[in-house]
1. Determine if the range B:301-318 includes at least one residue that is of a type in the set (A, V, I, L, M), in contact (Cβ under 8 Å) with a residue 40 or more places away in the chain and within 16 Å of ligand 4 (Cβ to nearest atom).
2. Hey, which of the strands (runs of 3 or more DSSP E) in the range C:550-652, taking only ones fully inside, have at least 1 residues that are within 16 Å of ligand 3 (Cβ to nearest atom), among the aliphatic types (A, V, I, L, M) and open to solvent by less than 10 Å² (accessible area, probe 1.4 Å)?
3. Got a sec? Which of C:ASP440, C:ASP513 is under 30 Å from C:ASP217 (Cβ atoms) and out of contact with any Lys or Arg (no Cβ under 6 Å at 6 or more places or on another chain)?
4. Between a first residue in the range B:43-63 that is assigned to a helix (DSSP H, G or I) and a second residue that is basic (Lys, Arg), which pairs have beta carbons less than 7 Å apart while being 6 or more apart in sequence or on different chains?
5. In this structure, is C:GLN153 surrounded by fewer than 20 Cβ atoms within 10 Å (Cβ to Cβ) and touching a residue at least 40 places away in the same chain (Cβ under 8 Å)?
6. Output the residues belonging to the range C:348-406 that are in a helix (DSSP H, G or I) and under 24 Å from C:ASP467 (Cβ atoms).
7. Condition first: out of contact with any Phe, Trp or Tyr (no Cβ under 9 Å at 6 or more places or on another chain) and either aliphatic (A, V, I, L, M) or outside any loop (DSSP other than H, G, I, E, B) (or both). Now tell me which residues in the range B:128-138 satisfy that.
8. Report, ordered by the first and then the second residue, all pairs with beta carbons closer than 9 Å, sequence separation of six or more or different chains, a first member in the range C:585-601 that is farther than 24 Å from B:GLY63 by Cα, and a second member that is in a loop (DSSP other than H, G, I, E, B) and within 16 Å of ligand 3 (Cβ to nearest atom).
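The values are calculated or read from the model by the stated rules, or taken from the named source; none is laboratory data. For clarity, every value in this text was computed on a predicted model and none was experimentally measured. A quick note on method: Cβ atoms are made from the backbone with ideal geometry, for glycine too, and the neighbour counts reach across all protein chains shown. Each accessible area value is taken on the protein alone, full model and side chains, heavy atoms only, with ligands, DNA and RNA left out. Shrake-Rupley method; radii C 1.70, N 1.55, O 1.52, S 1.80 Å.
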Amino acid sequence: MPVLKGKELRIVGFLCNWCSYGGADTAGVGRFTQPTDLRIIRVPCSGRIDPLFIIKTLMNGADGVLVSGCHPRDCHYAEGNFYARRRLEVLHRFLPILGFEPGRFEYTWVSASEGQRWQQVVTRFTEQIHKLGPAPKIAGPEASKTLRQMEAAL
Amino acid sequence: MKYQQELKDSIRKALPDLDVVIAWSSGFDPLHATPHFIRRDEDIDRLEIGPLCVHNLATYLPGLRGKKVGIVVKGCDSRSVIELLQENLIKREDVTIFGFPCTGVVDQTKVRKALGNAGRVDFCQVASQTLVVGAGGTEHKLRLSKVLADKCFSCQYPNALLADHFVGEKISPSVAEEEGYDDLAAFENMPLDERFAFWQKEMDRCIRCYACRNACPMCVCRDHCLAESRDPHWLSQEDNVRDKWMFQLIHAYHLAGRCTECGECQRACPMDIPLLLLKKKMNKEIKELFQYEAGVDPAATPPLLSFKMEEENIKEREW
Amino acid sequence: MKIGVFVCHCGSNIEGTVDTAAVAAAAREFPGVAFATDTMYTCSEPGQEEIVTAIKEQQLDGVVVASCTPRMHEQTFRRTVERAGLNRYLFEMANIREHVSWIGKDREANTNKAIDLVRMSAAKLLHNRPLLSKKFEINKRVLIIGGGVAGIQAALDCAEGGLQVVLVEKTSSIGGKMAKLDKTFPTVDCSSCILGPRMVDVAQHPNITLHAYSEIDEVSGYVGNFEVKVKKKATYVDWKKCTGCGVCMTKCPSRKATDYFNEGIGKTTAINIPFPQAIPKKAKIDADFCMKLQKGKCGICEKICPTGCIDYSQQDEYVTEKVGAIIAATGFDLFDWTVYGEYGAGRYPDVITSLQYERMLSASGPTGGHIKRPSDGREPKNVVFIQCVGSRDKSVGRPYCTGFCCMYTAKQAILTKDHLPESRSYVFYMDIRATGKNYDEFTRRAMEEYDAKYIRGRVSMIYPKGDRLLVRGADTLMGTQVELDADLVVLAVGAQAAAGANQLAEKLRISYDSYGFYMEGHPKLKPVETNTAGVYLAGSCQGPKDIPSSVSQGSAAAAKVLGLFSKDKLESDPQVSMVDIKRCIGCGKCMKTCPFGAIKEIDFRGMKKAEVIETICQGCGICTSTCPQGAVQLQHFTDNQILSEVNALCQF
Ligand SMILES: Cc1cc2nc3c(=O)[nH]c(=O)nc-3n(C[C@H](O)[C@H](O)[C@H](O)COP(=O)(O)OP(=O)(O)OC[C@H]3O[C@@H](n4cnc5c(N)ncnc54)[C@H](O)[C@@H]3O)c2cc1C
Ligand code: SF4
Ligand code: SF4
Ligand code: SF4
Ligand code: SF4
Ligand code: SF4
């Protein structure tokens, strides 16, 4: 929540466990320095990523969303990223109708061995989001209230 | 309407084998048609077809699963039936489809605007290019071209695409395919921040009645719609733009590759929120990417439930 | 829920750039968090004890550990919380090392990020439910793919351990590269003398079924219960009858067939047994060169074969093998060195590969162990070896070191002197990599006792000069140009992934690196595992390796399989999808997209519903993001769990 004022923007990543999360680990092991904005949500497979998660994240005020999975053909579950590719491409093309800059969301493929590539992807995406600046915020009640209400409903 | 008698005859013949036939009849006033459930022979007489038959009756089909149902469809409605068949939500042998060539249906919002505060509607007649409405003692002549629904101006399938009984002559679409998305193109010419502001303003008016969803023939989850569920818990029950807008995106996404652009969602919305714009955008992208249109081929596989190893139209991102 | 949060220093790995005490302090304010502390090494014995004690003393019912990647220690900590009586899934990990402290330098930003990640984990944990695994039967047979020395070792170890082994080899004999070698470093003992008996053991072991000249067609199933379709390629010889007498080879008129075993040094017959020690010792017809199969004329082998086993109409045959585990041991192939224009790109007959040279050195090889120039059969005087051909060279896309070329080049230099005492060997090298036991001593012997001249530098050009070759290169130690008259040039060609490695990986659902070598589960701690349960690696398919390492891996993989099969039943991963029968409308979308066919249609009081078959579901969650109303939810990664993470991070 507390984005470092003036330093960071809110960037959320959805990464598949087998390839891209591993790639991000490999980048860490290699000490490949990256901007600190990104927060990673780990999912088993890019096929698990419902595009609505990404929309929800943007609606909740994220400035950028990055999705990364195994390279096509290398999915740990054989086909997950093929489904993901279609869903994510549709989303990428759909977002502008809502008024979101298309560059606020990107998807890509990074394997577990590509630590350096992960570093480049994060650096580039973070730069892109900083260039776009903070995302427009939807007017409405304070987060804490709504979220507390949602939690309470469970 | 021209083929009305023919249609009645054909329903009369089929009725003994059916539990019910869904059609339209005159509603609470002569300007509004309403869904009409034909169970007995005498019900057939009240059947009406024409530009007032706005409802997409396919919406009732999933709820009548297990029954032998006849249904009268416009071109656009037939696509919903096809889509329901494709998704195994209804059985082909359970439905009997009656089709007729549709020349367009009115948009009641436009009619209301054109009539202004005209008072009680006494009668309504359809002449060739006009709708003659008698209200508050005066006669109003409305040019059909002014009051037809937007979707009818871009309609590519005026004849039922799938029918067991088709009455009348098939007609050809009145507009070229490319024109269908003009309104979308106009909207997309707006700068991004204006689009963002536009939706905020529009969605602010939403009253969360879910009429849009209830009218949608493809929203088959109904009681278990994400909008009102706690597990999964996508939306709060609050009245805020964020959640209301999010619901429309949930709807648009759940209809991705399934929406037949029947326009029921928008028609049903009491607040006249231009919901179809979102659906059209989704359909346009899906068509461009996968050369796919929902509700055309009952045997097709929807694009988001399938894939190709090499996608012709998706570039590997330079990312 | 009462959550305990443990923020690890990891020595200074995390604490160096993250204020762990501040993270713990912030965590105390999160919903559900009842206890938070920072610890030195959470994964160590005292670190784990601290968690156990805290769970008991504070009555915690959920734990977050903020430390390294869950890919490293999730299992460790799950066991820890289990020891304290909690269900292992009431645990979450925040990766504040690989994803925070190791990649960011700004302590404030890192600390802030670590707090976010802990918030996220705690938020998700609030939605975690205890999950219990189910037990299922396993098929205690193992499939080994590739019959090189690694595969052979694995097969024998597994068979000795009492397992039924199915060994699938692509070519018509097992043995791999090692069968082609003359002698082996660093002992210079005869390769076939040490490998041969092991190959015979494979043939004779009652527990081993060998499918030679076969490939993997399809793999389905999961750990414990794989189903593998093996394609037995047509050999046109009925192997049940063939005795390997070799009469056919003596009479076959087609004598220009490519001799793959001898690396193209010499030719062979269309019907052939690749080498005398082949296992199985059976003939096969190379259809490309058989006159009967190509033109319909000939049929000599059919007439001559004493057991009548020739069958020109034989077709590929498919057999299905049910196994519980798979070891990939498909080895490597040689880099195609002809991309190097400076070495003649294959134009000069007297520039050969190291493996061709091995065949030439071998007493059972095509030259009977005599070193002869392919061009004129003369014995060479000056033999020039060039190392790192297709290794450590970015310009040809092979930046990695093959690792064993330095050693075998030294071996070949020694053998050259043994064969031709009058000869002199010259070796162009970049660095000498001789890090094994007795290895450096070995390369020194080549230089000191066998008079091989080592020149540090690269060769820039080879061109013909009379009937010899002129080799021009740099001596970077002396800072001079060198030119040598060579009679024979031997290229120490590097290793690359075996042909078809990628396709096989896709069938096995394992990953490979950008060069096609298979990815191990963890570079240090899981060298022979893959990330696919039940699939293991051995030998050079994982990266170039010499024989001792390949054999070690073969044994290691066998040990893993024996360990896996030591239980009578396996536990299924409970992170599988589950259908909420109330919400499901039986539309079947999930069934269409599930890659494993793990969802079946059931009839529930007259209504169609979906049901997940737990043992088949792999937990990908594709179904979950397909179902519109969220009726099927992947356990541990439910919509609510992911949404809670989103909500924790992005609060408008
Ligand atoms: C010129 C040369 C000299 C060498 N000298 C020495 C030495 O002196 N000492 C030493 O320690 N090491 C030496 N090596 C290294 C040694 O060859 C390797 O360490 C060893 O061969 C690795 O064994 P492996 O089983 O992993 O692979 P391989 O020997 O490559 O065996 C792999 C096997 O799998 C089969 N296969 C491949 N793909 C498939 C598939 N899809 N389906 C079924 N089967 C498949 C192949 O046909 C092959 O039989 C030398 C290497 C070379 C090139
Ligand atoms: S989303 Fe709207 S236009 Fe599309 S099928 Fe549903 S009701 Fe019709
Ligand atoms: S919006 Fe989605 S969840 Fe709701 S009824 Fe429609 S398809 Fe089902
Ligand atoms: S019908 Fe209109 S007002 Fe009602 S929920 Fe839908 S968009 Fe909102
Ligand atoms: S997609 Fe959802 S509703 Fe359809 S069958 Fe599967 S679980 Fe049931
Ligand atoms: S999570 Fe769903 S799609 Fe994936 S294997 Fe399990 S049932 Fe199939």
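1. Among the residues of the range B:301-318, not one is of a type in the set (A, V, I, L, M), in contact (Cβ under 8 Å) with a residue 40 or more places away in the chain and within 16 Å of ligand 4 (Cβ to nearest atom), which makes the answer no.
2. C:607-612, C:632-634
3. C:ASP513
4. Between residues of the range B:43-63 that are assigned to a helix (DSSP H, G or I) and residues that are basic (Lys, Arg), the close pairs are B:ILE44/B:LYS8; B:ILE44/B:ARG12.
5. Working: surrounded by fewer than 20 Cβ atoms within 10 Å (Cβ to Cβ): no; touching a residue at least 40 places away in the same chain (Cβ under 8 Å): yes.
No.
6. Step one: list which residues in the range C:348-406 are in a helix (DSSP H, G or I), which gives C:354-361, C:394-396, C:405-406.
The answer is C:SER354, C:GLN356, C:TYR357, C:ARG359, C:MET360, C:LEU361.
7. Selection gives B:THR130, B:LEU131, B:THR138.
8. Listed by first residue and then by second, the contacts come to C:THR593/C:CYS623; C:THR593/C:SER625; C:THR593/C:THR626; C:CYS594/C:CYS623; C:CYS594/C:THR626; C:ALA598/C:CYS623; C:ILE599/C:GLY588; C:ILE599/C:CYS623.
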